[in-house]
Amino acid sequence: MAQTPQFPPLSQLAQAPANRLNPSGLRIVLVLQGGGALGAYQAGVYHALHEHGLSPDWVVGTSIGAINAALLAGNRQADRLRRLRQFWDRIAHLDALDPVRLSEDGRRANIWLSTMDTLLRGVNGFFKPRPFGLFAAGLPVPPEEASFYDTAELATTLKELVDFDYLNSPEGMRLTVNALRVRCGSLTSFDSRHGNICAEHIRASGALPPGFAPVRIDGELYWDGGLYSNTPLETVLADRSQTDTLCFMVDLWSAEGPEPRTLEEVQTRQKDVTFASRSRRHLEDYVNTRTLQQKLRAMYALLPDHEKSAQGARELDALGCGNTLHVVRLPYAGRDWQMAMKDINFSKGSIEWRWDQGYRDAMRAIGAAGWLNEVVDDTPLVVHELPPRAEQRSGAALQAGTAAHARHGVP
């Protein structure tokens, strides 16, 4: 793991003019996966967006992504970054030793000790073990207690750091959090546009069994939405608004990885594959659907006037398909020594490192700003991948130069 960076003080943060990076007034959406302690990367991504006037109009989250989303939507713009910082500082485990002064093996051992401490004692302000739990002994308990840990402390933390009155007011940022209905296995989206959201909705979105118990809302039990789909991009794709949109999608899990050789590596790959984004498939389906809708519009336009109707026109308008969606994909690239429990590594050094990586990656995306390039009319989707890091470009140039020299007989 790289040396632990320090966050810049909040007094140094500044808002850049929004019109330079969003001159067309695109609706900005932030999509946040579940991933436990990896969610500090999401906070770093928002940090960079905040500095550049790209705060979202709508944030969609699952699990830890729902917690980060609530901290954003539930605070006024001037307070959002401070509340994010307070949350992640509160749940971070102080490292037994200074990671900067340790060797690579020493840092790994330090992380392992911090992770074991999380398993034994929980995370301050987030979850605690259930003492003398009958559930752990295999005995029946009330459904709301069917877990190894209790997340009551998270409700207290959310009520302290999130202004739910502001969140649910008309001036608040739109918030959508996803959870799984336990009895039928269907996905439910709780949306601040269609009803009030409270701390229980956020807890439900992050209730991953068997660690965390389901949360009952209006008589129904809900588990972590990541059990159904860990990347809530589908919520954005299903939106019928005909608004050109800039969507920042943060991926915490990698679908690609090395062939595993040990039990730890097998468990790591299993978790990565289970929770990795299925966004490519969803985006392909989205483009195919939009293409069919455009062809349907074109065919309708060819009909003689007497075959057209007001009802038909309204149905075509309801389909949308006249807007462009820009998706900026921000993947967390940390390997975390192939640790299967990386999502419960709340070491302060690891959290700060992930925050910094999210900030740096978002700055690369902002520097490229591919969404500012002109697109052809009726283009339904443009996906923007991160440009290579400066050191990667330099390395590639060096390799290319070396290859060229070899081809020309230059030593």
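For the stretch 214-230, which residues satisfy the criterion of being open to solvent by less than 30 Å² (accessible area, probe 1.4 Å), of a type in the set (A, V, I, L, M) and touching a residue at least 40 places away in the same chain (Cβ under 8 Å)?
Matches in the stretch 214-230: Val215, Leu221.
Of everything in the stretch 121-143, what is within 26 Å of Gly219 (Cβ to Cβ) and open to solvent by 70 Å² or more (accessible area, probe 1.4 Å)? Give them in sequence order.
Selection gives Leu134, Leu139, Pro140.
Inside the stretch 245-269, can you point out the residues that are in contact with a Leu (Cβ under 8 Å, 6 or more places away or on another chain) and either open to solvent by 70 Å² or more (accessible area, probe 1.4 Å) or over 28 Å from His47 (Cα atoms) (or both)?
Listed by number, the list is empty, since nothing qualifies.
Asp89 fails exactly one of the following numbered conditions: (1) within 18 Å of Thr151 (Cα to Cα); (2) crowded, with 21+ Cβ neighbours inside 10 Å. What is the number of that condition?
Condition (2) is where Asp89 drops out.
Restricting to the stretch 148-165, name every residue that is touching a Gly at 6+ places or on another chain (Cβ under 6 Å) and either open to solvent by less than 20 Å² (accessible area, probe 1.4 Å) or assigned to a loop (DSSP other than H, G, I, E, B) (or both).
Phe148, Thr157, Val162, Asp163
Only one residue in Gly34, Gly65, Gly61 is buried (at least 24 other Cβ atoms within 10 Å of the Cβ) and in contact with an Asp or Glu (Cβ under 8 Å, 6 or more places away or on another chain). Which one?
Selected residue: Gly34, the only one of Gly34, Gly65, Gly61 that is buried (at least 24 other Cβ atoms within 10 Å of the Cβ) and in contact with an Asp or Glu (Cβ under 8 Å, 6 or more places away or on another chain).
Name the single residue, out of those in the stretch 168-213 being more than 18 Å from Gln33 (Cα to Cα) and β-branched (Val, Ile, Thr), that is least open to solvent (accessible area, probe 1.4 Å).
Looking at residues that are more than 18 Å from Gln33 (Cα to Cα) and β-branched (Val, Ile, Thr), I get Ile197.
Looking at the stretch 57-102, which of its residues are touching a strand residue (DSSP E or B) at 6+ places or on another chain (Cβ under 9 Å), assigned to a loop (DSSP other than H, G, I, E, B) and either free of Cβ contacts under 8 Å to residues at least 12 places away in the same chain or under 21 Å from Leu38 (Cβ atoms) (or both)?
Thr62, Ser63, Ala92, Leu94, Asp95
Residues are listed down the side, and each one gets a yes or a no for (1) over 17 Å from the mean Cα position of the chain (by Cα); (2) exposed (fewer than 14 other Cβ atoms within 10 Å of the Cβ); (3) of a type in the set (Val, Ile, Thr); (4) modelled with pLDDT of 75 or more:
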{"position": "Ala301", "(1), (2), (3), (4)": "yes, yes, no, no"}
{"position": "Gly312", "(1), (2), (3), (4)": "yes, yes, no, no"}
{"position": "Ala318", "(1), (2), (3), (4)": "yes, yes, no, no"}
{"position": "Glu374", "(1), (2), (3), (4)": "yes, yes, no, yes"}
{"position": "Pro380", "(1), (2), (3), (4)": "yes, no, no, yes"}
{"position": "Arg393", "(1), (2), (3), (4)": "yes, yes, no, no"}
{"position": "Ala397", "(1), (2), (3), (4)": "yes, yes, no, no"}
{"position": "Ala403", "(1), (2), (3), (4)": "yes, yes, no, no"}
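Would you mention how many residues in the stretch 238-268 are closer than 27 Å to Ala362 by Cβ and either touching a Ser or Thr at 6+ places or on another chain (Cβ under 6 Å) or part of a helix (DSSP H, G or I) (or both)? Working first, answer last.
Filtering the stretch 238-268 down to residues closer than 27 Å to Ala362 by Cβ leaves 238-239, 241, 243-258, 268.
After this cut, where a residue has to be either touching a Ser or Thr at 6+ places or on another chain (Cβ under 6 Å) or part of a helix (DSSP H, G or I) (or both) as well, the list is 244, 251, 268.
Final tally of qualifying residues: 3.
Kindly list the number of the only condition in (1) assigned to a helix (DSSP H, G or I); (2) touching a residue at least 40 places away in the same chain (Cβ under 8 Å); (3) not aromatic (Phe, Trp, Tyr) that fails for Ala207.
Going through the list (1) assigned to a helix (DSSP H, G or I); (2) touching a residue at least 40 places away in the same chain (Cβ under 8 Å); (3) not aromatic (Phe, Trp, Tyr), Ala207 breaks only (1).
Tally up the residues in the stretch 174-190 that are under 16 Å from the mean Cα position of the chain (by Cα) and farther than 12 Å from Val59 by Cα, please.
2
The values are calculated or read from the model by the stated rules, or taken from the named source; none is laboratory data. Because the structure is a prediction, the values reported are computed rather than measured. Backbone-built Cβ (ideal geometry, glycine too); neighbour counts: all protein chains shown. Areas reflect the complete protein model, heavy atoms only, side chains present, ligands, DNA and RNA absent. Shrake-Rupley method; radii C 1.70, N 1.55, O 1.52, S 1.80 Å.
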